[in-house]
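Read-outs: derived from the displayed coordinates by stated rules, not from any lab. None of the values given here were measured: they were computed from a predicted structure. Counting neighbours? That spans all protein chains shown, and the Cβs are built from the backbone with ideal geometry, glycine included.
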Amino acid sequence: MDSALVRGVPDSFIDALRGGSGPALDADLAREQHGVYVALLESAGYAIEAVAADERHPDSVFVEDTAVVVGLTAVVARSGAPTRRGETPPIAAALASRFSTTTIEPPGTLDGGDVMQIGGSVYVGRSRRTNRNGIDQLAAICATLDIPVTTVDVHDALHLKSVVLPLDDEAVLTTPNSVDEQALKDLLILYEAESEHRRCSALPMRDGRLMVTANAPATADMLAKAGYSVVPIDVSELQAADGGLTCLSIVFREP
Ligand code: CIR
């Protein structure tokens with residue numbers, strides 16, 4: 001059985017971290033869009049485990065950043081954003097009931113949004129949030145599981161998966177000039193439409209459909225022509241706080 005761990009949107013979401021400026025964030029709209037996202041995952045057959053919203057942590061809806069499941073191990077992250085480090089305990093507890101658990105220790109930092117799993121390999125973004133020491137700790141865990149790890153320098157994005165998104169077992173959707181693409185040479189790279197710079201996020205679901213953000217119709221069209229079964233979804237308010245589709249869940253197979 002495949003499960004998705006999600007977390008509700010707190011009212012404090014209006015204070016979420018964001019790289020740029022823009023209109024004030026709207027927690028009610030974010031909650032509504034998040035509800036559609038969760039319903040879509042449910043319609044694809046995921047068992048949903050919803051962790052209660054946490055008012056003390058405005059960014060806690062972006063649950064992907066708090067932990068990574070590799071094999072039968074859950075790695076509890078240590079965010080490069082100190083204000084996000086208190087988000088992990090309930091997520092760690094939910095995962096500890098299924099997996100053996102280990103934690104990224106200081107001075108390592110790692111955000112789950114920098115960890116991409118595709119075709120049996122792990123790619124980790126070295127970014128403002130994830131440092132060398134954090135990557136080394138994750139790589140040591142993966143080495144015990146025989147999972148190859150490749151570091152990808154992220155030049156111009158918050159996280160690796162802000163701009164490089166797995167579409168299936170071999171292809172990624174990428175924003176040009178955002179990461180060291182040489183590190184992705186074993187993957188098939190599809191590019192986001194130029195007119196939609198940084199707008200597109202995508203999430204492949206277990207039933208074969210591909211969630212794609214509704215504000216990137218040209219990219220969605222390209223993906224549909226490439227054979228993907230695209231389902232558009234509007235998560236604009238969550239994107240306004242620098243989130244994408246992957247960051248709203250931790251998806252795993254029940255052991
Ligand atoms: C942050 O800056 O941490 C949040 N406002 C956005 C996190 C998005 N997470 C992700 O892409 N994995």
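Here are some notes:
- Shape summary: the range 210-255 maps onto an equivalent ellipsoid whose semi-axes, from the alpha-carbon gyration tensor, are 21, 17, 6 Å in decreasing order.
- Per-residue [θ]222 nm for the chain (sum of -39500 (n - 2.57) over DSSP H runs n ≥ 4, rounded to 500): -6500 deg cm²/dmol
- Debye log10 I(q)/I(0) at q = 0.08, 0.10, 0.14, 0.17 Å⁻¹ for the chain, Cα point scatterers: -0.27, -0.43, -0.91, -1.45
- The distance from the alpha carbon centre of the range 147-166 to that of the range 103-137 is 9 Å, rounded to a whole number.
- Ala171 long-range amide H proximity, modeled H, under 5 Å: Leu188
- Length, then width, then depth: along the principal axes, the Cα atoms of the range 1-136 run 39, 36, 26 Å.
- Signed unit charges on C-beta, dipole axis of the range 2-253, positive-most listed residue Gly134, Val152, Gly243: Gly134
- Distant-in-sequence amide H partners of Asp234 (H built 1.01 Å from N, under 5 Å): Ala214
- The range 123-162: C-alpha pair distances exceeding 15 Å, %: 37
- If you take all other residues with their beta carbon under 9 Å from the beta carbon of Gln33, and give Lys and Arg +1 and Asp and Glu -1, the sum is -2.
- Amide H contacts of Ala67 (H built 1.01 Å from N, under 5 Å, at least 5 apart or other chain): Ala77, Gly112
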